[in-house]
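Below is one structure, written out as structure tokens; the observations come after it.
The values are calculated or read from the model by the stated rules, or taken from the named source; none is laboratory data. No experiment lies behind these values; they were computed from the predicted model shown. Note: ideal-geometry Cβ built from the backbone for every residue, glycine included; neighbour counts use all protein chains shown.
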């Protein structure tokens, strides 16, 4: 018999690891560029490998977990992340480095999906609130790695810091291997026909489209806000990076509130608050005043905090017998949004200017509001 608290804490450990994973490559890019004498094209190749690995891991984890359970996938994924960290730290071959980055992303994508799915499975109620709490640890990991690298910059080499974090991943693998997780849902055979029917489910499709917008919104903020603040607001690079870190803080604090003092609010109320925060944040971002822009970024972070926990909570409630597989489908769609809209934003910025970030953000908000209303309407009619 599994212990819910132990499983939840182990999932938080895994999500912390994923937060570190997702931010590490960008944080150590200068070290890799110097070690392998990379030009911009080669650097871009490395950055494209990571999301491909995350996408692959997100696609594979769901059916595996529904058929075989969570233990082996989580342990193996943490092991892959650890190998990836050590490869990034010590690879002497550029080819080996690329392989390690793919394994890094593969393990990260799988561990992200599986930790969310197992928390949803063990939560008999308040799934969205508990998914918000686990999301807090993603924010801690994402904020913690750059902080550690910066704090130890003059005393410990980046290579040895990355290698040390790799041992944290190996520790996570050992923890997952010794913990008892919920039993697999389909020990006697995976329901292929039932899983394929998910592709025709209208609510799941709308949720996937919502998360397509959610993930792409996060991507354009993460990847284009610094350039926007430098060119439109006149901020220095360090000030722009500081502002971006406050975006993550805003998201993390809001998820903490959703998992605690706001956990009894309805899904409708949480989404309404989120959309208001997003509108206020985008409005404040459309400025040439740095403090207003920073405030806007914090509000945007808070506004984007609810998307994944709320929608994944709905998915887990509706498709309890195939929750991990359903998570795989919507997370893959979300990652496609991340890559596609980020690419299109680059085209728009190059052709029309970085200020088009505001228009893209507004378009994302309109789409998310519309899709969110559709999801709530159809989900309510199904559950009432």
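Taking the conditions exactly as written (under 24 Å from residue 224 (Cβ atoms), assigned to a helix (DSSP H, G or I) and in contact with a helix residue (DSSP H, G or I) (Cβ under 9 Å, 6 or more places away or on another chain)), does residue 376 satisfy them or not? Walk me through it before giving the result.
On the way: under 24 Å from residue 224 (Cβ atoms): no; assigned to a helix (DSSP H, G or I): yes; in contact with a helix residue (DSSP H, G or I) (Cβ under 9 Å, 6 or more places away or on another chain): yes.
So residue 376 fails the test.
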Quickly run through segment 56-74 and pick out the residues that are in a helix (DSSP H, G or I) and crowded, with 20+ Cβ neighbours inside 10 Å.
57, 58, 61, 62, 64, 65, 66, 71, 73, 74
Would you please list the contacts, defined by Cβ atoms under 7 Å and residues six or more apart or on different chains, that run from a residue in segment 26-52 that is in the same structural domain as residue 99 (by TED's automatic domain parsing) and under 14 Å from residue 96 (Cα atoms) to a residue that is exposed (fewer than 15 other Cβ atoms within 10 Å of the Cβ) and at pLDDT below 80?
none
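Select, from 84, 69, the only residue that is assigned by TED's automatic domain parsing to the domain that holds residue 168 and out of contact with any helix residue (DSSP H, G or I) (no Cβ under 6 Å at 6 or more places or on another chain). Before you say what the answer is, go through the steps one by one.
Working: 84 fails: out of contact with any helix residue (DSSP H, G or I) (no Cβ under 6 Å at 6 or more places or on another chain).
Only one candidate passes the filter, namely 69.
Residues 124, 180: which one is farther than 22 Å from residue 81 by Cα and surrounded by fewer than 14 Cβ atoms within 10 Å (Cβ to Cβ)? Explain how you work it out, then say what you get.
Working: 180 fails: farther than 22 Å from residue 81 by Cα.
The unique qualifying residue is 124.
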Failed condition for residue 343, given (1) part of a helix (DSSP H, G or I); (2) free of Cβ contacts under 8 Å to residues at least 60 places away in the same chain; (3) over 21 Å from the mean Cα position of the chain (by Cα), with all others met?
(3)
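Considering 9, 17, 60, which residue is more than 29 Å from residue 192 (Cα to Cα) and touching a residue at least 40 places away in the same chain (Cβ under 8 Å)? Write out each step before concluding.
Working: 9 fails: touching a residue at least 40 places away in the same chain (Cβ under 8 Å); 60 fails: more than 29 Å from residue 192 (Cα to Cα).
Criteria check complete, one pass: 17.
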Taking the options 203, 162, 253, name whichever one is crowded, with 16+ Cβ neighbours inside 10 Å, in the same structural domain as residue 6 (by TED's automatic domain parsing) and either part of a helix (DSSP H, G or I) or in contact with a helix residue (DSSP H, G or I) (Cβ under 6 Å, 6 or more places away or on another chain) (or both).
162
Name, by its number, the condition in (1) over 20 Å from the mean Cα position of the chain (by Cα); (2) without any contact (Cβ under 8 Å) to a residue 24 or more places away in the chain that does not hold for residue 318.
(2)
